[in-house]
Amino acid sequence: MSFHQHRQNDYIGSICILAFLKHMEVFLASTMDKIVSICKRRGFIFQSSEIYGGLKASYDYGPLGVELKKNIKETWWRDMVHRRNDIVGLDCSIVMHPDVWKASGHLAGFSDPLVDCKNCKERFRADQAPRAEAGAEVEFREGGKSSGRKLKGSVDKRGYVCPVCGCPDLSDERQFNLMFRTSIGPVDPMQEIANAADALADLDIKERMEKLHEIIAQSAVYLRPETAQGMFVNFKNILDSSRVKPPFGIAQVGKSYRNEITTSNLTFRTCEFEQMEMEYFVKPGEDEKWYDYWRNTRMTWYMSLGLSRDRLRLRDHEQSELAHYAKACADVEYYFPFDTQNGEGEWGELEGIANRTDYDLKKHSEFTGKDLSYFDPETKERYIPFVIEPAAGADRAALAFLCDAFDEETVPTAKGGEEVRTVLRFHPKIAPIKVAVFPLVKRDGMPEKSQAIMNDLLDAGINCFYDHGGAIGRRYRRQDEAGTPFCLTVDSQTLQDDTVTIRDRDTMQQERIPINGVVEILNERINT
Ligand code: GAP
């Protein structure tokens, strides 16, 4: 065999090995790795500031991701506000009066002793970590991944291990404020600190910290860690300006910020996230009835948008888990395919439904001296309403819908072979693109006909996408990966009888429908 033939065989061999590895990757990569990969490849989620090396626990939504999250928020708003006559909306500022956070307890309660795990990088509360005997030898997996090497370490005198991977190699405990602090007004606290530097030098560390806190507090404001407080401080405004009376709710969708950083699991826990919260004000004594109502209603909402029943649960909190203000709480949880120690995924909270009693209104009343009671003109009763709060996260919901939608299946190819098709089976209501329109070929008036159909769809408020590139089978596959539930193809028959084929993403079945019925048919299929 000549040198040239050798080189050629080596080359073919390398290609085969690469193809084999690519093929194996489909089977060996974990589900979560595949979801992360499709998120980046198809423009759902990108790491924030990626070209600068990224920012921990921060993500950006790409063209498909922004549509998915917008659809989730809009569906929530339609179901929680527009479709009800007992709930009104609110959009309040992110930076609120700093005393709001004193009254709510966030300034005190959001400062916890935190510890970092040096193995899996989880940051956790020292007082809630699993206990282990000091000096005991424990096993854990490298990086906290089921595929990581088995490692051993001994528990130090603090007597606890990482709650995620069980590793005993931990950082020192540090006081950590979960609220992001910034300053407002013309005075720069840095200038004040510089001015006070000489006087501070003689103080011990504790006194110095107290003085610094005093200086900073003069202009300190916080990025809200939840949207809920906006509803409590606007309770009276809304009562006075809208024709509402208990039971009624105030709903808000917006950004919240918490300085809590875990690097794994994509958007599950981030510093900046969006909440969809509603505070439902009820007469004391009717709170338990309404708590049950919202517990069930919210669970049903996720099912109505197609989340798998067997990966959803409603978990009631133990008495010991309840927040200081809550009488009862239940979490809607989804079984995420996260890589864990045992490789089996884990339950994660999508939404908490809490009976917050009259705690918040009473606290704000106490701090402001304002009367936040309700007077019922019919019964002549005056009371501070109890609050039932369904508090959901838009980013967690988007991640759950993405994980649930992800599927791979082996399907026959046009040439009689087989291929793996990746498909995101979103409910049509939340799918980023509802319908893709394809001219079979780029001539004979098919592109123009397709554009006319696109215009009708856009006029009807149906988000659509035009694609004329490549074989029709490839175009279908691209839309399967984007989670587009329907594809319309304009072909030569269209030019004769004004019909198109509609292809269903999940069944891959095609049928012919008249162009003048397209909007009605799609509206019906999207909204059922
Ligand atoms: N007002 C009550 C409240 O904020 P929470 O359980 O802390 O309750 C409600 O938050 C929802 O907000 C959670 O169920 C979750 O979906 C979302 N959420 C909370 N912290 C988050 C974070 N760091 N990253 C992403 N979503 C978060």
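List of remarks:
- Within the stretch 494-507, the set of residues being surrounded by 14 or more Cβ atoms within 10 Å (Cβ to Cβ) and over 15 Å from residue 430 (Cα atoms) comprises 494, 499, 500, 501, 502, 503.
- Taking the stretch 245-322 and the strands (runs of 3 or more DSSP E) fully enclosed by it, the elements with 2 or more residues that are touching a Ser or Thr at 6+ places or on another chain (Cβ under 7 Å) are at 248-257, 272-282.
- Single residue of the stretch 128-178 satisfying the filter (hydroxyl-bearing (Ser, Thr, Tyr) and not in a loop (DSSP other than H, G, I, E, B)) that is surrounded by the fewest Cβ atoms within 10 Å (Cβ to Cβ): 154
- Options 226, 214; residue that is over 18 Å from residue 372 (Cα atoms), of a type in the set (Asp, Glu) and near the ligand (Cβ under 10 Å from one of its atoms): 226
- Residue 87 in contact with a Gly (Cβ under 7 Å, 6 or more places away or on another chain), surrounded by 14 or more Cβ atoms within 10 Å (Cβ to Cβ) and touching a residue at least 24 places away in the same chain (Cβ under 8 Å): yes
- Condition check for residue 208: under 30 Å from residue 194 (Cβ atoms) and either within 11 Å of the ligand (Cβ to nearest atom) or touching a residue at least 24 places away in the same chain (Cβ under 8 Å) (or both): no
- Within the stretch 422-454, considering residues that are in a loop (DSSP other than H, G, I, E, B) and touching a strand residue (DSSP E or B) at 6+ places or on another chain (Cβ under 7 Å), the one farthest from residue 490 (Cα to Cα): 425
- Scanning the stretch 289-318 for residues that are in contact with a Phe, Trp or Tyr (Cβ under 9 Å, 6 or more places away or on another chain), surrounded by 15 or more Cβ atoms within 10 Å (Cβ to Cβ) and charged (D, E, K, R) yields one hit, 311.
- Selected residue [away from the ligand (no atom under 12 Å from the Cβ) and more than 16 Å from the chain's Cα centre (by Cα)] from 314, 305: 314
- Only one of the numbered conditions (1) closer than 20 Å to residue 405 by Cβ; (2) touching a helix residue (DSSP H, G or I) at 6+ places or on another chain (Cβ under 8 Å); (3) among the hydrophobic types (A, V, I, L, M, F, W, C) is violated by residue 526, and that is (2).
- Against the criterion of being more than 10 Å from the ligand (Cβ to nearest atom) and out of contact with any Cys (no Cβ under 9 Å at 6 or more places or on another chain), residue 266 does not qualify.
- When the stretch 230-260 is limited to residues that are more than 22 Å from residue 73 (Cα to Cα), in contact with a Leu (Cβ under 8 Å, 6 or more places away or on another chain) and at pLDDT below 95, the one that is farthest from the ligand (Cβ to nearest atom) turns out to be 259.
- Restricting attention to the stretch 130-170, the residues that are modelled with pLDDT of 90 or more, under 12 Å from residue 117 (Cβ atoms) and of a type in the set (Val, Ile, Thr) add up to 1.
The values are calculated or read from the model by the stated rules, or taken from the named source; none is laboratory data. These numbers come from a predicted model, not from an experiment. As a convention, Cβ positions derive from the backbone with ideal geometry for all residues, glycine included, and neighbour counts pool all protein chains shown.
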